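Reviewing the structure listed below.
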Amino acid sequence: MKFKAIVIGVSSGGITALKTLLPALPATFGIPVIIVQHLAFNSGDYWIEHLNEACEINIKEADEKEKIEKGMVYIAPPNYHLLIETDQTFSLSIDEKVNHARPSIDVLFESAAETFNQHLIGIVLTGLNNDGALGLKKIKEYGGTTIVQDPSTAESDIMPLSAIALSPVDYILPLNKISDLLIQLEHQL
Amino acid sequence: MNKITTIKTEEREIRSLLDALYQNYGYDFRQYSEAHIKRRIRNRMTLSGLESISAVQQKAEQDKTFTSLLLQDLSITVTEMFRDSNFFKALREKVIPILKTYSFIKIWHAGCSTGEEAYSMAILLKEEGLFDRTTIYATDFNQHALDRAKEGFFSNSLIKDYTRNYQSAAGKESFSNYYTADHKMAIMNQALRDKIVWANHNLVTDSVFAEVNLILCRNVLIYFNKELQNKVHRLFFDSLGNGGILCLGAKESLRFCDVSGEYTEFEKKQKIYKKKY
């Protein structure tokens, strides 16, 4: 299989967007999914449990040094940056906020691009700032495939528009078409 | 592909730079998480207008001021007062009652950086009536961070966040009782500043310096690789008395260390462990 990881960045409107996107993935989905969702620092992890119940695929908060496995969706813990090491494990950091955010989408995307190169899919969804735009550009530069939520269908269009403005993206699609595409790409060689 | 070759070269250059920093200055970042180190070195590279990691190394060899900046970049961790208020609440409600049974208490804050959490601890002890019978050792290997910690200044713009954290951590007074502020800066009260013993100690290369009742080391170990984490956990184990308390960061655990069986999970969710008798 061509793709070894999918990274998703999402901000305001994100929980609703993920509730549309993730339940469409089957339990056997062969590409690990790694998500940065901007949330208030004290949001707790109830929403992850809730999302996990609504999905076939397993969803959990990413742990430091954890090995990235298929059949899993990993969420960056609140108030930590999530990075990917070259041995395909996670690192966490409490370094300064990037784009006013911790976790920052750019931080995840940049380290993922360097680890997975052309075997990576990067996705930017709804959000009110420009985090993720630089990271998505980097994914493209490293030969990865990029997808942005169609801004006209996003709850907040600023983040998708910023990503599209910064570099050419491969697909601009509404949420339900993104999950269809991911299922197609899963088996691409 | 071009980009991918660049990355391989860069990784080699980073290893060479870290070797040089260790050989020439004794600071050992070779067992730190790579993705994190790479990010910090690249930030310095961009800030200083340098083109490559090897240019960073060259400059570090010629320019002492630059090396000092680079070492700061690699070693400072960002912290705040009462970070994770639920943790401090658990400390107050569950751990303080144990400490109250001791006639004299020693606390080690390992990797204290600029001191915000050590001050939070001092405030907590004051409110719980343990201030006078406690010694707090706050250590870091970054002398610049320690000097700042000792001065006890923080920016006025942080007061709002810190007050909110303090209140959610079940603070008993008004947070403003603990500092004096002008239009720009705030400074911690003299009594709090004098309470803490600030000392230079390197978790990577130094050893046990006292037997303590409680160790606080939060969000430091996440920057280390598994081998180094294991080594530091051994140091903590050897420094704690029986029944001693170990406090880690929200996303840290004893998962990768040989001594994990020697502790009980005292407050699982808040990552507070108790050394077995």
Q: Check B:232, B:259 and return the single one that is closer than 19 Å to residue B:137 by Cα and touching a helix residue (DSSP H, G or I) at 6+ places or on another chain (Cβ under 7 Å).
A: B:232
Q | residue B:236 being in contact with a strand residue (DSSP E or B) (Cβ under 7 Å, 6 or more places away or on another chain), open to solvent by 10 Å² or more (accessible area, probe 1.4 Å) and assigned by TED's automatic domain parsing to the domain that holds residue B:169 | A | no
Q) Would a scan of segment B:25-47 turn up a residue that is surrounded by fewer than 17 Cβ atoms within 10 Å (Cβ to Cβ) and among the β-branched types (Val, Ile, Thr)? A) yes
Q: Given the conditions (1) in contact (Cβ under 8 Å) with a residue 40 or more places away in the chain; (2) of a type in the set (Phe, Trp, Tyr); (3) open to solvent by 10 Å² or more (accessible area, probe 1.4 Å), report the number of the one that residue B:162 does not fulfil.
A: (3)
Q. Given the residues B:40, B:30, which is the only one that is within 30 Å of residue B:161 (Cβ to Cβ), in contact with a helix residue (DSSP H, G or I) (Cβ under 6 Å, 6 or more places away or on another chain) and of a type in the set (Lys, Arg)?
A. B:40
Q) Does any residue of segment A:76-94 turn out to be closer than 28 Å to residue B:269 by Cβ, more than 14 Å from every other protein chain (Cβ to nearest Cβ) and either in a strand (DSSP E or B) or in contact with a Gly (Cβ under 7 Å, 6 or more places away or on another chain) (or both)? A) no
Q. Taking the condition within 14 Å of chain A (Cβ to nearest Cβ) and either over 26 Å from residue B:230 (Cα atoms) or open to solvent by less than 50 Å² (accessible area, probe 1.4 Å) (or both), does residue B:53 pass?
A. yes
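Can you list the strands (runs of 3 or more DSSP E) lying wholly within segment A:95-189 that have 2 or more residues being open to solvent by 30 Å² or more (accessible area, probe 1.4 Å)?
A:171-173
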(Q) Given the criterion more than 14 Å from chain A (Cβ to nearest Cβ), of a type in the set (Asp, Glu) and exposed (fewer than 14 other Cβ atoms within 10 Å of the Cβ), identify the matching residue among B:211, B:267, B:262, B:227. (A) B:211
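The values are calculated or read from the model by the stated rules, or taken from the named source; none is laboratory data. Just so it is clear, the structure is predicted and the values come from calculations on it, not from any experiment. Glycine gets a Cβ as well: all are built from the backbone with ideal geometry, and neighbour counts include every protein chain shown. With ligands, DNA and RNA removed, areas are computed over all heavy atoms of the protein, side chains included. Shrake-Rupley method; radii C 1.70, N 1.55, O 1.52, S 1.80 Å.
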